[in-house]
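Novice: Quick one: structure below, then a few questions.
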Amino acid sequence: MSAQLESWRNMDLEHVPHRLSGYDAPWVLAARQSAFQRFSLHGFPARREEEWKYTDVTSIGRRTSLAPDTIPPEPSSDAKLLAWTLAVEGMHLMVFVNGHYDAILSAAGNLPPGVRLESLAKLLDNGSRLPERFFEQRHEHTVFSSLNNAFTTGGAVLIIPANVVLKAPVYLLFIASGHGAAIYPRNIIIAGENSQATIIEHYTGTLDVHNFTDTITQLDLAAGANIEHCKLLEEGPAAAHIGGIHAEQAAASHFTSHSFALGCHLGRNDITVKLQGRGGCSTLNGLYVLNERQHMDHHTRIDHLSAACVSREYYRGVLDGAAHGVFNGKVVVHASAYGTDAHQENHNLLLSRNAEIDTKPQLEIFADDVKCTHGATVGQLDEDQLFYLRSRGVDADLARSLVIYGFADDIIGRIKVASLRPHIESRLLDRLPQGELVKELL
């Protein structure tokens with residue numbers, strides 16, 4: 001056992017599950033303890049492991065405690081102000097402060113009959129109202145999934161009955177408040193047959209301090225369900241964020257994922273999709289905009305397990321300063337998945353000599369009669385585009401910003417939530433020279 005992991009055990013972490021939600025329910029406590037044992041056996045991943053070759057997470061244990069707050073914190077005035085500022089009228093809002101649900105800051109509004117939008121902590125405390133398989137999943141993806149399973153303090157549970165269309169988006173706002181907090185959100189979305197909904201997860205912080213967020217979102221789509229999921233990462237410049245989004249799709253279901261990484265010091269998103277029913281469709285979109293010494297790692301995996309499924313993946317990165325981006329996307333076409341149509345692409349724009357990207361698109365095909373393509377590019381700003389703009393009287397900084405905006409907007413423009421798109425565009429332009437002028441031109 002490493003010296004680092006031994007120091008964590010000395011913090012009595014193994015007793016934390018006894019103080020969290022659902023400790024009275026034997027199956028919940030057993031699931032938490034089992035997950036912590038799995039984490040203890042492995043510890044944090046090392047860079048010698050292929051899946052973590054480019055991302056060093058050892059700083060997390062040094063800068064923050066791993067133990068979550070077992071008592072919901074009183075929201076600071078900054079957290080309250082942030083929640084009120086970001087609250088969008090017409091959405092079903094749930095606010096979490098350091099991973100704990102805050103009912104006062106939330107406004108779920110009127111939901112269609114049969115739709116349940118509740119706090120995970122409340123459901124765990126009530127014992128049997130949550131299907132065990134959604135909490136007790138063994139999470140084969142990473143050890144951080146085990147850590148989240150052991151220590152999760154809350155999150156949202158959204159259950160949509162069959163044939164129900166949720167017209168207003170569900171907005172889940174996670175605020176990191178305080179120094180050195182360890183935060184473990186866990187969201188569970190269950191979409192019935194032919195149901196439809198949009199879910200927004202927004203992670204942000206109030207201070208420039210070392211926090212650690214380890215989050216998991218599980219999505220279960222029944223036949224014909226249609227879910228659009230948006231994740232916006234805007235945590236503080238010293239924060240570490242490890243996230244997992246895991247979707248399982250039945251026949252003829254549609255899942256669209258948007259992932260925007262605009263803030264945090266060290267980040268990683270693992271997104272996995274299992275196309276389990278014939279005719280399923282999945283689209284993963286992603287944009288990471290990094291500067292200074294930010295590090296962002298995207299790992300995606302799409303498993304085609306059934307016939308005639310379609311997957312699309314579009315990721316773009318803009319890197320400046322000494323930022324480091326990682327994209328590792330894998331599509332696996334299993335033997336039973338004849339008629340698969342899969343396409344994956346990753347394009348990157350490096351704005352400085354010190355920015356770095358490691359990109360690795362992968363295809364594994366075990367079936368016949370499939371159409372699969374992938375590609376990746378890394379480059380600088382297009383000199384022809386810059387020359388064209390300069391020749392029409394646009395100054396150098398503004399021309400540069402317009403070209404970068406055009407590159408990134410290919411991903412931003414894919415969002416269907418009209419109220420979210422201007423927020424992301426604004427955050428992007430805030431980072432660009434003469435961004436205010438570009439806003440006026442849009």
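The values are calculated or read from the model by the stated rules, or taken from the named source; none is laboratory data. Since we're looking at a predicted model, the values are computed, not measured. Here Cβ is always computed from backbone atoms with ideal geometry, including for glycine, and neighbour counts include all displayed protein chains. All accessible areas refer to the heavy atoms of the entire protein, side chains included, with ligands and DNA or RNA removed. Shrake-Rupley method; radii C 1.70, N 1.55, O 1.52, S 1.80 Å.
Novice: Can you name the condition, by its number, that A222 falls short on among (1) open to solvent by 10 Å² or more (accessible area, probe 1.4 Å); (2) among the aliphatic types (A, V, I, L, M); (3) at pLDDT below 95?
Specialist: All conditions pass for A222, except number (3).
Novice: Now for a separate question. Search the stretch 57-78 for residues that are touching a residue at least 12 places away in the same chain (Cβ under 8 Å) and pair each with any residue that is polar (S, T, N, Q) and assigned to a loop (DSSP other than H, G, I, E, B) when their beta-carbon atoms are under 6 Å apart and the residues are at least 6 apart or on different chains.
Specialist: Hits for this filter: P68/T153; D69/N98; P73/N98; S76/S177; D78/T206.
Novice: Right, something else. Are there any pairs, at least 6 apart or on different chains, whose C-beta atoms fall under 6 Å, with the first in the stretch 208-227 and at positive phi and the second open to solvent by 10 Å² or more (accessible area, probe 1.4 Å) and acidic (D, E), and if so, which?
Specialist: G224/E193
Novice: Looking at (1) in contact with a Pro (Cβ under 6 Å, 6 or more places away or on another chain); (2) more than 18 Å from A182 (Cβ to Cβ), find the lone condition where V28 falls short.
Specialist: (1) is the only condition that V28 fails.
Novice: Looking at the stretch 318-333, which of its residues are open to solvent by 10 Å² or more (accessible area, probe 1.4 Å) and in a strand (DSSP E or B)?
Specialist: In the first step, residues of the stretch 318-333 are kept if they are open to solvent by 10 Å² or more (accessible area, probe 1.4 Å); the result is 320-322, 324, 328, 330.
Answer for the stretch 318-333, where residues must be open to solvent by 10 Å² or more (accessible area, probe 1.4 Å) and in a strand (DSSP E or B): H324, N328, K330.
Novice: So which residues in the stretch 365-398 are farther than 30 Å from H343 by Cβ and either modelled with pLDDT of 95 or more or of a type in the set (S, T, Y) (or both), if there are any at all?
Specialist: Result: S391, single match.
Novice: Still on this model: Inside the stretch 359-411, can you point out the residues that are in contact with a strand residue (DSSP E or B) (Cβ under 7 Å, 6 or more places away or on another chain), open to solvent by less than 70 Å² (accessible area, probe 1.4 Å) and either assigned to a helix (DSSP H, G or I) or charged (D, E, K, R) (or both)?
Specialist: Selection gives E364, I404, F407, A408, D410, I411.
Novice: Applying the selection to the stretch 306-317, what residues are over 18 Å from the mean Cα position of the chain (by Cα) and surrounded by 21 or more Cβ atoms within 10 Å (Cβ to Cβ)? Can you show your working first?
Specialist: The initial filter retains those residues of the stretch 306-317 that are over 18 Å from the mean Cα position of the chain (by Cα), namely 306-311.
Hits for the stretch 306-317 are S306, C309, S311.
Novice: Looking at (1) touching a strand residue (DSSP E or B) at 6+ places or on another chain (Cβ under 8 Å); (2) over 19 Å from E193 (Cα atoms), find the lone condition where Q276 falls short.
Specialist: All conditions are met except number (2).
Novice: Let me ask something additional. Mind checking which pairs have a first residue in the stretch 282-308 that is more than 23 Å from A337 (Cβ to Cβ) and a second that is open to solvent by 10 Å² or more (accessible area, probe 1.4 Å) and polar (S, T, N, Q), Cβ under 6 Å, 6 or more apart or different chains?
Specialist: Taking only residues 6 or more apart or on different chains, not a single pair turns up.
Novice: Same structure, new question: Tell me yes or no: at least one residue of the stretch 5-28 is over 21 Å from F174 (Cβ atoms), among the polar types (S, T, N, Q) and open to solvent by less than 20 Å² (accessible area, probe 1.4 Å).
Specialist: no
Novice: I've got another one for you. Out of the stretch 234-253, which residues are more than 29 Å from S426 (Cα to Cα) and either open to solvent by less than 10 Å² (accessible area, probe 1.4 Å) or touching a strand residue (DSSP E or B) at 6+ places or on another chain (Cβ under 9 Å) (or both)?
Specialist: Listed by number, the residues that qualify are A247, E248, Q249, A250, A252, S253.
Novice: OK, next. Anything in the stretch 35-52 that is open to solvent by 20 Å² or more (accessible area, probe 1.4 Å), in contact (Cβ under 8 Å) with a residue 40 or more places away in the chain and in a helix (DSSP H, G or I)? List them, or say none.
Specialist: R38, H42, E51
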